[in-house]
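Report on one structure; see the data block that follows.
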Amino acid sequence: METRQRVAVYGVTGFIGRGLPARLAQHGFACTGITRSGAGDVPGVDRWQRPDAPKLAGHHAVINLAGERIDRRWTAANRQRFHDSRVAVTRRIVADIAALPPEERPKVLVNASAVGIYGNRRDDILTESAAAGNGYLADLCLAWEQAASEAAALGLRVVYPRIGVVLGRGGAAFEKLLMVFKSGLGGRLGNGRQWMPWIHLDDLRAALVHAVVSDSLKGPVNCTAPAPERNVDFTRKFAKAVRRPALLPVPGFALKLALGGFGGVLLEGQRAVPAALQHDGFSFQYPTLESALGNLLA
């Protein structure tokens, strides 16, 4: 008979999810991996399920990291994929939980979101109490969180981690930046004054586990480092870390031409700070960009 509490992780084979089972195990949790294939090779996962037939009864928590990558052109077809992989999947998870007897339901739902919910807020310091912004990405994130919020009426503690730019080995953002800067082609985007709310992958994974084990954390939670950087400063520090110049700014029109709507997002910014995490006693291992790059480039 299993004595450990169990956590189900949607998206466990992804960039962020792969490291969660080992961290959950450190806190005494067993892990159920939920993927479309119904199987995987992630260390620490001892049970696999498909999302169309999950068995969530008796799980302590559900972590949902499902979502198609959004760093591509926002065509009508891609927007539908973005919606279905976020909002529709979250609604299905909540419906599956609602179908369980109350005594068998999970106690916690940690459902991913993104800092894009704030829209372009220029220099405003954004804690979790800030209102949602305007634009496609803000609307998508708001619908995503609203779908997850339905679980609160079922008796669950619901957390929406609003994730920033994740820096980690093997991640699309970091590997692309590393390639560009090592080739000497790195430079600010547009005027470079937009804020970049970033976070080290290890801190993000630790924050997600913290959201599971905390008794008090709920609602929106900015999963960003305490020291966001303007794009121009981020660029300068990254170039310095790889010992390359940063001389070639990327014009805004070129980004929009190449990436469409997503290119426009790169010219906007959110000065998001992790007020909720810090108030709940969470400590960052990499609170500054210098410390994060020092680790990732060691």
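The values are calculated or read from the model by the stated rules, or taken from the named source; none is laboratory data. The model shown is predicted, which means the values in this text are computed figures rather than measured ones. When we count neighbours, we look across all protein chains shown, and the Cβ atoms used for this are built from the backbone with ideal geometry, even at glycine.
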Kindly indicate which of Arg122, Arg73 is surrounded by fewer than 18 Cβ atoms within 10 Å (Cβ to Cβ), touching a helix residue (DSSP H, G or I) at 6+ places or on another chain (Cβ under 9 Å), modelled with pLDDT under 95 and outside any helix (DSSP H, G or I).
-> Arg73
Filter the range 143-185 for residues that are aromatic (Phe, Trp, Tyr) and at positive phi and give the result.
-> none
Does any residue of the range 90-108 turn out to be in contact with a strand residue (DSSP E or B) (Cβ under 7 Å, 6 or more places away or on another chain), over 24 Å from Gln5 (Cα atoms) and not polar (S, T, N, Q)?
-> no
Could you check how many residues of the range 126-141 are touching a strand residue (DSSP E or B) at 6+ places or on another chain (Cβ under 7 Å) and loosely packed, with under 13 Cβ neighbours inside 10 Å?
-> 0
Take the residues in the range 221-236 that are crowded, with 19+ Cβ neighbours inside 10 Å and in contact (Cβ under 8 Å) with a residue 60 or more places away in the chain, then tell me which one is nearest to the chain's Cα centre (by Cα).
-> Cys223
Return the pairs, sorted by first residue and then second, in which the second residue is in a loop (DSSP other than H, G, I, E, B) and surrounded by 15 or more Cβ atoms within 10 Å (Cβ to Cβ), the first residue lies in the range 271-292 and is in contact (Cβ under 8 Å) with a residue 40 or more places away in the chain and charged (D, E, K, R), the beta carbons are less than 6 Å apart, and the residues are 6+ apart or on different chains.
-> Arg271/Pro228; Asp280/Ser214; Asp280/Leu217
For residues in the range 157-189 being in a loop (DSSP other than H, G, I, E, B) and over 16 Å from Leu208 (Cβ atoms), which is modelled with the highest pLDDT?
-> Arg169
Qualifying position, being more than 30 Å from Val158 (Cβ to Cβ) and either at pLDDT 90 or above or of a type in the set (S, T, N, Q) (or both), among Ala246, Ala241, Ala225 = Ala241
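Here is a yes/no grid of residues against (1) polar (S, T, N, Q); (2) farther than 19 Å from Val9 by Cβ; (3) touching a residue at least 60 places away in the same chain (Cβ under 8 Å):
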{"site": "Arg73", "(1), (2), (3)": "no, yes, yes"}
{"site": "Phe82", "(1), (2), (3)": "no, yes, no"}
{"site": "Ala88", "(1), (2), (3)": "no, no, no"}
{"site": "Arg91", "(1), (2), (3)": "no, no, no"}
{"site": "Ile97", "(1), (2), (3)": "no, no, no"}
{"site": "Pro102", "(1), (2), (3)": "no, yes, no"}
{"site": "Lys107", "(1), (2), (3)": "no, no, no"}
{"site": "Gly119", "(1), (2), (3)": "no, yes, yes"}
Of all residues in the range 78-97 being out of contact with any helix residue (DSSP H, G or I) (no Cβ under 6 Å at 6 or more places or on another chain) and among the basic types (Lys, Arg), the one that is surrounded by the most Cβ atoms within 10 Å (Cβ to Cβ) = Arg92
May I ask you to verify whether Val115 is more than 19 Å from Cys31 (Cα to Cα), β-branched (Val, Ile, Thr) and in contact with a Pro (Cβ under 7 Å, 6 or more places away or on another chain)?
-> yes
Which condition number does Gly192 fail, the rest of (1) within 30 Å of Gly58 (Cβ to Cβ); (2) assigned to a loop (DSSP other than H, G, I, E, B); (3) among the small types (Gly, Ala, Ser) being met?
-> (1)
For the range 5-37, enumerate the residues that are touching a His at 6+ places or on another chain (Cβ under 9 Å) and part of a loop (DSSP other than H, G, I, E, B).
-> none
Those residues that are hydrophobic (A, V, I, L, M, F, W, C) and assigned to a strand (DSSP E or B), I need them from the range 38-70; list them, please.
-> Val45, Trp48, Ala61, Val62, Ile63
How many residues, within the range 214-229, are closer than 20 Å to Ala25 by Cβ and in contact with a helix residue (DSSP H, G or I) (Cβ under 9 Å, 6 or more places away or on another chain)?
-> 0
